[in-house]
Structure formats: structure tokens, C-alpha cells
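Student: My structure is below; once you've seen it, I'll send some questions.
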Amino acid sequence: MKLKESLLSRRQLITGFITGGLAWLAAYTIYPVAGFLFHKKKIPLPRAVTMSRAEVDMLAPNSAVYFKYGRLPGVLLKTDTGQLRAFSAKCTHLDCIVQYKPDTKQFYCACHEGYFNDTGINTAGPPPRPLDVFELKEEGDKLVLSFQEHNGKTA
Ligand code: FES
């Protein structure tokens, strides 16, 4: 049995699919962009984090270990001579995570070939300023790391 008149014409059906697809694509694209542009609430950083001194002592010279400082990734470096330095692990160009390269004693950002020396100074590539630096303090058997946001920025 064949219907004399279809409830939906072929044209209406195709138009509906296209309109629905475009609406879905617009929502899929606009929602994350709007979330990024209008997201104002920033989770505050902790006042300090601690690491056990025993954990730090086990760290080999000329190596680095990563830690979390709230929403911020940090990296603790133990130099050849046993000196400790801590930096934000976020590259100052576009926030990629830097890696410590023991062979060259540099921090390397793979995103755009950025380099920082072992004191956190930007030495090559697009990073515009040094890595942000953490303050280190020993309290008993703990190493206390604290951070002032944007402490390495010149502006
Ligand atoms: S994000 Fe590190 S060099 Fe671009």
C-alpha cells in the first residue's frame, strides 16, 4: 500500500537533517569557546606545599621531580652540587609543560622548541621570560615550597 501524500517531503527531510546538523555543530563549537572566554573564576593557589626531606634527599643530583601546587605544575631541580631550585613547570610562552634535560642541564619545551637554563632563565626559542620561581624553605624534616603568582613577569 502506498501513501498518496507523504507527511514529510524529501526536501523537508533533507532540510531538517542539515539544519539539525548545523545546530549541533554550532553548539559543539560555541559552548567550549564561550566557556573559555567567559570563565572568570580562578581557583586560588595554596599558600604552600610541603615535600618530605627524605623524599628530596633520595632525588639524584642533576635530576628533577614534578609536583602539584594546586592547579599549577611545579618542578623541583636538584643540581649537580645538590642545590635545590623549584620552578613553575609551565612554559612562559603558551603554558606547555617543560621537561628537564640532564644531558644539557636545560629545561626544554617541546611545543615550540623553547629552552630555559637550570636557573630558569629563557635562553632560546619563543618563551618571553624566565620560568616562575618557587621559594624554598626547610622546616624540620619538610621542604616548604611557596609561590607568588606571576613572580617572574616583568609587567
Ligand atoms: S609553549 Fe613553550 S615554547 Fe611555546
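Read-outs: derived from the displayed coordinates by stated rules, not from any lab. On a predicted model such as this, the values are computed, not experimentally measured, just so you know. Please note: Cβ atoms are built from the backbone with ideal geometry, for glycine as well, and neighbour counts cover all protein chains shown.
Student: Step through the table entries Lys68/Lys105; Lys68/Lys137; Lys42/Lys142; Lys42/Lys78; Lys42/Lys68, compare each Cα-Cα distance with 25 Å, and write down the pairs that go over it.
Tutor: Lys42/Lys142; Lys42/Lys78
Student: Could you work out the longest stretch of the chain that avoids the trypsin sites (Lys or Arg not before Pro) located in DSSP loops with at most 11 other Cβ atoms within 10 Å?
Tutor: 72-152
Student: In degrees from 0 to 90, rounded to the nearest 10, what is the angle of the helix 10-38 Cα long axis to the longest principal axis of the chain?
Tutor: Helix 10-38 sits roughly 20 degrees off the main axis of the chain.
Student: Now for a separate question. Quote the FRET efficiency, to the nearest 0.05, computed for Asn62 versus Glu113 with a Förster distance R0 of 22 Å and r equal to the Cβ-Cβ distance.
Tutor: Taking R0 as 22 Å, the efficiency between Asn62 and Glu113 is 0.50.
Student: Report the label-to-label distance for Ile30 and Ile97 in nanometres (one decimal), using points 7 Å from each Cα along the Cα→Cβ vector.
Tutor: For the pair Ile30/Ile97, the computed spacing is 3.5 nm.
Student: Okay, next question. Using just the helices of the chain, give the 222 nm mean residue ellipticity in deg cm²/dmol: DSSP H runs with n ≥ 4 each add -39,500 (n - 2.57), and the total is spread over all residues, rounded to 500.
Tutor: Estimated from H runs of four or more residues: -7500 deg cm²/dmol.
Student: Report the dimensions of the range 49-146 along its three principal axes from the alpha-carbon atoms, largest first, rounded to Å.
Tutor: For the range 49-146, the Cα extents along the three principal axes come out at 40, 29, 15 Å.
Student: For Arg129 and Leu7, what does the FRET efficiency come to when R0 = 41 Å and r is the distance between their Cβ atoms, rounded to the nearest 0.05?
Tutor: Working from the Cβ atoms, E equals 0.05.
Student: Report the FRET efficiency, 1/(1 + (r/R0)^6), for Leu45 and Thr79, where r is their Cβ-Cβ distance and R0 is 30 Å, rounded to 0.05.
Tutor: After rounding, the FRET efficiency stands at 0.75.
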